[in-house]
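For reference, the structure discussed in these notes is given below.
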């Protein structure tokens, strides 16, 4: 399968989530079209369709679009998570902006990571799998693992009293509860594959 992304972190995570799958990157020089959809699913399909058009005959293509939604910000940054503080800025700048905005908004620190994983088959048929990971945002960073907004996100799926962020838990723990892990398991089940990371379906998780 071709994974339609240029994000090396996503490539590494997806390789862990789909062991044994020959996961290949986009062809050299491939330019991704603008992600101008209004939902995670729409943007995932934009990327998957573009990669499918450039793929060799018989190749499956998958693409994901993911981000974080803060309740007190009306679901922002949402589909703009990767460019929340501007185009081309890094994770640290985006995270700083989210912290400032949530701190200024009030006391509600509820948030959710969301992932839409689109599959385009060789014949052009399409399917989208959506996973969520609910949690809350801290007021300062904790942990050096993960990427994106992980250092301030504490998932609900951890045991009571466990205050670790996504940047502090192990890769195996993260894969079992993350939005991307849940979407990948749904894809794997659809394809009849066995995944490395177990985990129960999350609220709102659906094909």
Within the stretch 176-207, restricting to residues that are part of a loop (DSSP other than H, G, I, E, B), under 19 Å from residue 154 (Cβ atoms) and touching a helix residue (DSSP H, G or I) at 6+ places or on another chain (Cβ under 7 Å), the one that is modelled with the highest pLDDT is 199
Selection from the stretch 1-38 of residues touching a helix residue (DSSP H, G or I) at 6+ places or on another chain (Cβ under 7 Å), part of a loop (DSSP other than H, G, I, E, B) and touching a residue at least 60 places away in the same chain (Cβ under 8 Å) yields 18
Based on what the data block shows, is residue 58 over 16 Å from residue 117 (Cβ atoms), assigned to a loop (DSSP other than H, G, I, E, B) and in contact (Cβ under 8 Å) with a residue 60 or more places away in the chain?
yes
Here the residues within the stretch 104-123 that are at pLDDT below 95 and either touching a helix residue (DSSP H, G or I) at 6+ places or on another chain (Cβ under 7 Å) or buried (at least 16 other Cβ atoms within 10 Å of the Cβ) (or both) are 105, 106, 108
Do we have residue 82 as within 15 Å of the chain's Cα centre (by Cα), at pLDDT below 95 and assigned to a helix (DSSP H, G or I) here?
yes
Only one of (1) touching a strand residue (DSSP E or B) at 6+ places or on another chain (Cβ under 9 Å); (2) on the phi > 0 side of the Ramachandran plot does not apply to residue 76, and that is (2)
key: Test for residue 49: is it out of contact with any strand residue (DSSP E or B) (no Cβ under 7 Å at 6 or more places or on another chain) and modelled with pLDDT of 90 or more   = no
Of the candidates 44, 4, 76, the one satisfying the condition of being at pLDDT below 95 and either loosely packed, with under 14 Cβ neighbours inside 10 Å or under 17 Å from the mean Cα position of the chain (by Cα) (or both) is 4
Is it true that some residue in the stretch 127-147 is within 28 Å of residue 23 (Cβ to Cβ), assigned to a loop (DSSP other than H, G, I, E, B), touching a residue at least 40 places away in the same chain (Cβ under 8 Å) and in contact with a helix residue (DSSP H, G or I) (Cβ under 7 Å, 6 or more places away or on another chain)?
yes
Looking across the stretch 61-73 at residues that are over 17 Å from residue 21 (Cα atoms) and not in a helix (DSSP H, G or I), the single one that is nearest to the chain's Cα centre (by Cα) is 66
Result of the Cβ filter at 9 Å on the stretch 185-202, keeping first residues that are at positive phi and surrounded by 15 or more Cβ atoms within 10 Å (Cβ to Cβ) and partners that are at pLDDT 90 or above and assigned to a loop (DSSP other than H, G, I, E, B), at least 6 apart or interchain, is 199/157; 199/178
Picking from 162, 156, 101, the residue that is modelled with pLDDT of 95 or more, surrounded by fewer than 17 Cβ atoms within 10 Å (Cβ to Cβ) and in contact with a helix residue (DSSP H, G or I) (Cβ under 8 Å, 6 or more places away or on another chain) would be 101
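The values are calculated or read from the model by the stated rules, or taken from the named source; none is laboratory data. What you are looking at is a predicted structure, and each value in this text was computed from that prediction instead of being measured. Glycine gets a Cβ as well: all are built from the backbone with ideal geometry, and neighbour counts include every protein chain shown.
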